[in-house]
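Novice: Would you mind keeping the following structure in view while I ask a few things?
The values are calculated or read from the model by the stated rules, or taken from the named source; none is laboratory data. It should be emphasised that the depicted structure is a prediction, and the values quoted were computed from it without experimental measurement. All Cβ positions, even for glycine, are placed from backbone atoms using ideal geometry, and neighbour counts span all protein chains on display.
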Amino acid sequence: MAARLRHAFKLREVLYPANLLTLARLLMLPAAIHAMQRPEQRWRALGILGAAMFTDAIDGTIARRRHEVSPLGQLLDPVADKLMIDATAVALARSRGFPWWATVLLLGRDAAILAGGLLIYRRRQVISTAHPSGKATTLALTLAMLLYIADGPRSGRPALYAAMAPFAISAFVYLRELARTTGGVPPATE
């Protein structure tokens, strides 16, 4: 499988602006986590996480406009999103009152999505793309996490509860897609 992945990516894809933004998001993660662990640096954490997630909002648009949608970007972007959201959830659970139950749900869902994506790739040699419900979940969770950083549970908790709706929908959509792609469920007729 590693050999197939190597052949799927071209080295020049690393230099595409959208992929550089995604890599920048990953590089911002340690600084954001470090700042989240220190109450006196919450505004710094807010700025870093906000900037990192802004790169997520624009990288796909840039890739499409420049006609540089690449297999590397299709793989790197969702992995970067999941690392950012999951690491932030753990950091906030440790420092700002983010609920551990939500952290465990996020980690479990994202591990299942990544494992499912690998299974789909092994069977079909296709990199699964994000569903709109997954993007809505990322946006809603980012908002909730930014509110947890800025104001703790008082503002963050209601936003987190609201984020659970797209979270549940995306979990269902991704599980259904996995079952359909791997032969477990017939496609829905529309």
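Novice: Is at least one residue of region 73-90 β-branched (Val, Ile, Thr), modelled with pLDDT under 95 and not in a helix (DSSP H, G or I)?
Specialist: no
Novice: Something else: Can you find a residue in region 34-48 that is under 27 Å from Gly116 (Cβ atoms), surrounded by 14 or more Cβ atoms within 10 Å (Cβ to Cβ) and at pLDDT 90 or above?
Specialist: Narrowing region 34-48 to residues under 27 Å from Gly116 (Cβ atoms): none.
Looking for residues that are under 27 Å from Gly116 (Cβ atoms), surrounded by 14 or more Cβ atoms within 10 Å (Cβ to Cβ) and at pLDDT 90 or above, one finds none in region 34-48, hence no.
Novice: Now a separate question. Scanning for something assigned to a helix (DSSP H, G or I), among the basic types (Lys, Arg), over 24 Å from Arg65 (Cα atoms) and modelled with pLDDT of 90 or more, does region 20-27 turn up at least one residue?
Specialist: Taking region 20-27 and keeping what is assigned to a helix (DSSP H, G or I), we get 20-27.
Of the ones still in play, those that are also among the basic types (Lys, Arg) are 25.
Narrowing the set further to residues that are over 24 Å from Arg65 (Cα atoms) leaves none.
No, that holds for no residue.
Novice: Only residues that are of a type in the set (A, V, I, L, M) and closer than 12 Å to Ile85 by Cβ: list them for region 130-159, please. Walk me through how you get there before you give the answer.
Specialist: We begin by selecting, within region 130-159, every residue of a type in the set (A, V, I, L, M); these are 130, 136, 139-141, 143-147, 149-150, 159.
Selection gives Leu139, Ala140, Leu141, Leu143, Ala144, Met145, Leu146.
Rundown of residues vs (1) touching a Leu at 6+ places or on another chain (Cβ under 8 Å); (2) modelled with pLDDT of 95 or more; (3) farther than 27 Å from Leu178 by Cβ; (4) not hydroxyl-bearing (Ser, Thr, Tyr), yes/no style:
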| position | (1), (2), (3), (4) |
| --- | --- |
| Gly117 | no, no, no, yes |
| Ile127 | yes, no, no, yes |
| Gly156 | yes, yes, yes, yes |
| Tyr161 | no, yes, no, no |
| Phe167 | yes, no, no, yes |
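Novice: Okay, moving on. For Ala93, indicate whether it is touching a helix residue (DSSP H, G or I) at 6+ places or on another chain (Cβ under 6 Å) and either outside any helix (DSSP H, G or I) or surrounded by 19 or more Cβ atoms within 10 Å (Cβ to Cβ) (or both). Explain how you work it out, then say what you get.
Specialist: On the way: touching a helix residue (DSSP H, G or I) at 6+ places or on another chain (Cβ under 6 Å): yes; either outside any helix (DSSP H, G or I) or surrounded by 19 or more Cβ atoms within 10 Å (Cβ to Cβ) (or both): no.
So Ala93 does not fit the description; no.
Novice: Could you check, for region 46-53, whether at least one of its residues is farther than 18 Å from Ile149 by Cα, assigned to a helix (DSSP H, G or I) and either over 13 Å from the mean Cα position of the chain (by Cα) or not hydrophobic (A, V, I, L, M, F, W, C) (or both)? Walk me through how you get there before you give the answer.
Specialist: Quick first cut of region 46-53, residues farther than 18 Å from Ile149 by Cα only: none.
No, the conditions are met nowhere in region 46-53.
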